[in-house]
Amino acid sequence: MLVGLPIGLWIFSFVSDVVFLAGWAGPTWKIVASYTIAAGVIGALLAAVPGFIDFLSITDRRVGRIALNHMVLNLFTVVLFALSFGLRVVYPLGALPVVVSAAGLVSLAIAGWLGGELVFVHQMGVNKRPRSR
């Protein structure tokens with residue numbers, strides 16, 4: 001349930017950046033992007049706690065390898081967005097933080113694909129229904 005918050009915030013931050021860079025709105029949109037990135041980083045770190053607990057419960061080696069890649073990519077994504085946030089202090093209206101955010105979204109998409117494989121293919125974190133008689 002917690003993963004939706006940082007995903008939505010980071011996507012909206014990128015949209016806010018695009019709105020500003022395209023000239024459709026003023027610098028307020030860059031401020032909005034900064035706040036949504038910061039909130040997304042906090043949300044992702046909160047979501048990492050139950051995710052790590054789930055990770056520790058994995059016994060299947062193949063699933064564990066997928067989960068490890070998922071975790072590493074998610075942490076890399078957090079680092080990219082934290083870097084984007086930091087660059088906004090140095091280059092408040094520049095395009096470099098937006099490029100870093102775009103790389104973060106690519107990393108996020110790959111991590112999400114791996115997360116989907118964990119849930120939908122390997123049934124990680126899924127409560128199975130009891131069979132009806």
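The values are calculated or read from the model by the stated rules, or taken from the named source; none is laboratory data. Everything quoted here is computed from the prediction, not taken from an experiment. FYI the Cβ positions are ideal-geometry reconstructions off the backbone, even for glycines, and counts take in every protein chain you see. Surface areas here come from the heavy atoms of the whole protein model, side chains and all, with no ligands, DNA or RNA. Shrake-Rupley method; radii C 1.70, N 1.55, O 1.52, S 1.80 Å.
Values for this structure:
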quantity: Selection of chymotrypsin sites (Phe, Trp or Tyr not before Pro), segment 1-47, meeting DSSP coil and at most 15 other Cβ within 10 Å; calculated: W24
quantity: Residue-by-residue Karplus 3J(HN,Hα) for segment 14-31, coefficients 6.51, -1.76, 1.60, Hz, glycine and proline x; calculated: 5, 4, 4, 4, 4, 4, 5, 5, 6, x, 7, 7, x, x, 4, 5, 5, 5
quantity: Residues whose placed amide H lies under 5 Å from that of M124, excluding near-sequence neighbours; calculated: V119
quantity: Convex hull volume per residue in cubic angstrom - Cα atoms of the chain; calculated: 115 Å³
quantity: Accessible surface of the chain, 1.4 Å probe, proportion on carbon and sulfur as whole %; calculated: 72 percent
quantity: Inter-probe distance in nm under a simple model that places probes 7 Å from Cα toward Cβ, at L75 and V106; calculated: 2.2 nm
quantity: With eigenvalues of the C-alpha gyration tensor scaled by 5 and rooted, segment 59-105, Å; calculated: 31, 8, 4
quantity: Contour minus Cα-Cα distance for F120 and R65 (0.36 nm per residue); calculated: 18.2 nm
quantity: Rough spin-label spacing in nm, given labels placed 7 Å along Cα→Cβ, for V15 and L96; calculated: 2.8 nm
